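Here the structure is laid out as structure tokens; the discussion comes afterwards.
The values are calculated or read from the model by the stated rules, or taken from the named source; none is laboratory data. Keep in mind the model is a prediction, meaning the values are calculated, not measured. Here the Cβ positions follow ideal geometry from the backbone for every residue, glycine too, while neighbour counts run over all protein chains shown. Protein only, heavy atoms only, side chains kept; ligands, DNA and RNA dropped before computing areas. Shrake-Rupley method; radii C 1.70, N 1.55, O 1.52, S 1.80 Å.
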Amino acid sequence: MKVLVTYSSKTGNTKTLAEGIYEGLPMENKTILPMNEVKSLEDYDVILVGYWVDKSGPNEEAKNFLTTIQGKKVGLFATLAYWPDTEHAWNSLVNGEALVKENNTVIAKYICQGKLSEKIIAMFEKLPADNPHAVNEEKRKRYEVAKRHPSKADILSAAELFSERLELYVSDEN
């Protein structure tokens, strides 16, 4: 079995998570590449796809990439600048899954918090108070917490999840 770990990353969060997942996979026949460097999916049996959340789903590059996957086992992982145990986070994974589940087998999904870019925070700071993205004291504190993610624990949890799911598909030949 050949595994591809691929990702789209804006601030480095998803790249960090992808690298941790890749390092934690027990098989030797694995590749890690940024999404924009993937030339073909043909040789891979399993594709683990990472994205940063934008508008409650995969960012545009990842959205386009996900729609090209056909007949594979797919794992999804994502980072977002919000709490990972919220409905918003879960919906962000489900929206990614919706892009691949009809033509593939989804083996696992994982999401964790990640820092928000300073550029976006600055943009949010300029919004009127009645805008849902306007910055307030609670959001400032959350942005500070988010800077510590993905944490070592996040990375270990994601790597363990995908490693366990891949055990179901790994043959004795790797």
Which residues, taken from the stretch 59-88, are free of Cβ contacts under 8 Å to residues at least 40 places away in the same chain and within 11 Å of the chain's Cα centre (by Cα)?
Leu76, Leu80
Give the residue, chosen from Lys119, Lys147, Lys115, that is closer than 18 Å to Lys10 by Cα, basic (Lys, Arg) and in contact (Cβ under 8 Å) with a residue 40 or more places away in the chain.
Lys115
Qualifying residues in the stretch 59-81 (those that are under 18 Å from Thr105 (Cα atoms) and in a loop (DSSP other than H, G, I, E, B)) - the one most open to solvent (accessible area, probe 1.4 Å):
Gln70
Exactly one condition in (1) crowded, with 18+ Cβ neighbours inside 10 Å; (2) of a type outside the set (A, V, I, L, M); (3) free of Cβ contacts under 8 Å to residues at least 60 places away in the same chain; (4) in contact with a helix residue (DSSP H, G or I) (Cβ under 6 Å, 6 or more places away or on another chain) is not met by Ser56; state its number.
(1)
Report, by residue number, each residue of the stretch 24-34 that is part of a loop (DSSP other than H, G, I, E, B), open to solvent by 40 Å² or more (accessible area, probe 1.4 Å) and either under 22 Å from Asn103 (Cα atoms) or out of contact with any Lys or Arg (no Cβ under 6 Å at 6 or more places or on another chain) (or both).
Pro26, Glu28
Near pairs, Cβ below 7 angstrom, 6+ apart or cross-chain, from the stretch 2-23 (part of a helix (DSSP H, G or I)) to any residue that is of a type in the set (Phe, Trp, Tyr) and open to solvent by less than 40 Å² (accessible area, probe 1.4 Å)
Thr14/Tyr7; Thr14/Tyr51; Lys15/Tyr7; Leu17/Phe77; Ala18/Tyr7; Ile21/Phe77; Ile21/Phe162
For the stretch 38-90, which positions are under 19 Å from Tyr22 (Cα atoms) and among the polar types (S, T, N, Q)?
Ser40, Thr79
Under the condition of being aromatic (Phe, Trp, Tyr) and not in a loop (DSSP other than H, G, I, E, B), which residue from the stretch 40-53 is surrounded by the fewest Cβ atoms within 10 Å (Cβ to Cβ)?
Trp52
Would you say Glu37 is open to solvent by 50 Å² or more (accessible area, probe 1.4 Å), among the charged types (D, E, K, R) and either in contact with a Gly (Cβ under 7 Å, 6 or more places away or on another chain) or touching a residue at least 60 places away in the same chain (Cβ under 8 Å) (or both)?
no
